Amino acid sequence: METFYCPQILLPEGWAENRVIEVDDEGSVSAVRQGIPADAKTVIHGTVVPGMPNLHSHAFQRAMAGLTESRTGTADSFWSWRSRMFSFLEVLNPDDVEAIASQLYIEMLKAGYTSVGEFHYLHHNPDGDAYENPAEMSHKILSAAEISGIGLTHLPVLYCYGGFGAVEPSGKQRRFLHDADTFLKLLENLSPLFPGYPNRRLGMAPHSLRAVTPELLNEVIPSFRVMLPEAPLHIHVAEQTTEVEDCLKWSGRRPVQWLFENHEPDSCWCLVHATHLDQGEREALGSSAALVGLCPTTEANLGDGFFPLQDFLGVGGSFGIGSDSHVSVSVSEELRWLEYQQRLLVNQRNILAVDSEKSTGRELFDMALRGGSRALGRKAGDIAEGFRADWVVLDTKHPLLYGKTGDSLLDSWIFSGNVPVIRDVYVGGREVVSEGSHVEEDRIEEAFLQTMKRILC
């Protein structure tokens, strides 16, 4: 057992002072009690808050950040960006993916994320054939998470087609493709790698309604549920207006409407983006146990649109956040953009502070913690008995935070720019970032630099 003294801490019941956290050998909190520094092995120097889950990641795309910011034609969009992305990944090998993911996961930890949902669709070699070990790329993601120390929910992606109605995929999509049998075999091969590792979870992700067919969903999801009854299931949906229009042409239904008419999204489901919803879809999703995964910096970068978060919360909806393409890796920026989007839509301030007892930053933080933890299938997001011992330490000696306590600390972190105010980070009770640095930072950065040199030069 490890013990930690916290001078100020955010607990489920609110802010508290002088608490000792007891952490068991599996990395979960066994008790939180009143205490003094002498009662604990480790004294925390700063304010402790739960670590944020990052529910949606395509790790390899971090290496693309800044490489797509020039116009490709008269109308640049998600679809032209996607074409560039397809070309970029043609040169990546498994070691490259491990190097990029390791670097990214350290950046996530330093930004305040303590777990990540890796939406993983880069499965095969550049010619589309499986590696000798068909799970080679997944093993590299697992290795990156292990090296960095971040909590991982691995979400292998079922990707079969190039558009609605079983359109033949392009040659540039060949590295993603599975049929039902090979995909289920992949899950079977991966599943033994997770029991006994409390910091790992396995789920799955149909890429999107345009990349699978109803028949495939009806075959794969029940088999997946037999294998992993309560595991997370994520899907891209309604991200672009073109996707909505194409879904209507194919089925006569909007994407989220189609999902609810043909499946029963429950608490294990995360609908990623869901940017373009009509009122009926908002109400169906809000009244269900499923949640949405919002990635505001990526959605803004791609020009996807604003999610109607205020309306969605009004019908009981839940959400978490993700950094998706990783054009930015910042808890504060994702949360800030959620609020600013709503302000720009209605020309008001403090839109999402629906609880008068909490500030806007606190409200956003709490909601994203709850939703993100559920999306990743992790008992996390609170510092309480039975929860994972995942937390970050805000540096209260930083000029931005000096003299502030309680909700004002979160508001300053979230709304004062991307200022590095995180001092330490713990995952499963293990310190993975100390005074702003990761123990493996230099080695991982060098491997990342060598990878970038090879693929860009």
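Bear in mind that the values in this text are calculations on the coordinates, not laboratory data. All of these numbers come straight from a predicted model, not from anything done at the bench. Glycine gets a Cβ as well: all are built from the backbone with ideal geometry, and neighbour counts include every protein chain shown.
Please list, by residue number, every one of the GluC sites (Glu not before Pro) in segment 1-98 that is coil in DSSP and has at most 16 other beta-carbon atoms within 10 Å.
Here the sparse-neighbourhood loop sites are Glu13, Glu26, Glu69.
Using only Cα atoms, tell me the angle between helix 180-190 and the longest principal axis of the chain; keep it within 0 to 90° and round to the nearest 10.
For helix 180-190, the angle is close to 30 degrees.
About its Cα centre, how strong a charge dipole does the chain have in debye, to the nearest 20, once Lys and Arg get +1 and Asp and Glu get -1 at the Cβ?
560
Rank the residues Leu228, Leu291 as a footprinting-exposure proxy: fewest other Cβ atoms within 10 Å of their Cβ go first.
Placing the least packed residue first, the sequence is Leu228, Leu291.
Using just the helices of the chain, give the 222 nm mean residue ellipticity in deg cm²/dmol: DSSP H runs with n ≥ 4 each add -39,500 (n - 2.57), and the total is spread over all residues, rounded to 500.
Per the formula, -11000 deg cm²/dmol.
For Ser70 and Glu26, what is the calculated FRET efficiency with R₀ set at 45 Å and r taken between the beta-carbons, to the nearest 0.05?
Calculated transfer efficiency: 0.40.
Taking Cα centroids, how far is segment 389-457 from segment 232-247 in Å?
So the two Cα centres are separated by 33 Å.
Near Gln342, within a Cβ-to-Cβ distance under 10 Å, what is the net charge of the other residues, with Lys and Arg +1 and Asp and Glu -1?
So the surrounding residues net to 0.
What percent does the relative contact order of segment 218-363 come to when contacts are Cα pairs within less than 8 Å and at least six residues apart?
18
Add +1 for every Lys or Arg and -1 for every Asp or Glu among the other residues with Cβ under 9 Å from the Cβ of Ser208, and state the total.
Local charge sum for Ser208: -1.
Please quote Rg/Rh for the chain to two decimal places, taking the Kirkwood radius as Rh and restricting both calculations to Cα atoms.
Dividing the radius of gyration by the Kirkwood radius yields 0.95.
Return one number: the angle in degrees, 0 to 90 and rounded to the nearest 10, between the long axis of the Cα atoms of helix 241-251 and the longest principal axis of the Cα atoms of the chain.
The helix 241-251 is inclined about 50 degrees to the chain.
What are the lysines whose alpha-carbon lies under 26 Å from the alpha-carbon of Lys110, with same-chain residues fewer than 8 places away excluded?
Lys41, Lys140, Lys358, Lys379, Lys397, Lys404, Lys453
At 0.36 nm per residue, and after removing the present C-alpha to C-alpha distance, how many nm does the segment from Thr405 to Met452 gain when stretched out fully?
12.8 nm
Along the charge dipole of segment 103-196, Cβ charges K/R +1 and D/E -1, which of Gly196, Tyr131, Met108 sits furthest on the positive end?
It is Met108.
Once you have the Cα-Cα distance between Val43 and Glu245, take 0.36 nm times their residue separation minus that, and quote the gain in nm to one decimal.
The span from Val43 to Glu245 would gain 67.1 nm if fully extended.
By how many nm would the segment from Ser77 to Glu146 grow when fully extended, if each residue of separation counts as 0.36 nm and the alpha-carbon distance is taken off?
Roughly 21.3 nm would be gained on extension.
Any chance you could check the Cα centroid distance between segment 64-135 and segment 15-58 for me, in angstrom?
Here the answer is 33 Å between Cα centres.
Using Cα centres only, tell me the gap between segment 341-362 and segment 309-332 in whole Å.
Rounded to whole Å, the Cα centres lie 14 Å apart.
What relative contact order, as a whole-number percentage, does the chain give when Cα pairs under 8 Å and 6 or more residues apart are counted?
20
Apply the a/c threshold of 1.5 to the C-alpha gyration tensor of segment 1-107 and tell me whether it is rounded, prolate or oblate.
It comes out prolate by the Cα gyration axes.
Label-point separation (nm) for Asp311 and Leu344, each offset 7 Å from Cα along Cα-to-Cβ?
Between Asp311 and Leu344, the simple spin-label model gives 1.8 nm.
What's the angle, to the nearest 10 degrees (0 to 90), between helix 214-227's Cα axis and the longest principal axis of the chain?
Helix 214-227 and the main axis of the chain meet at about 40 degrees.
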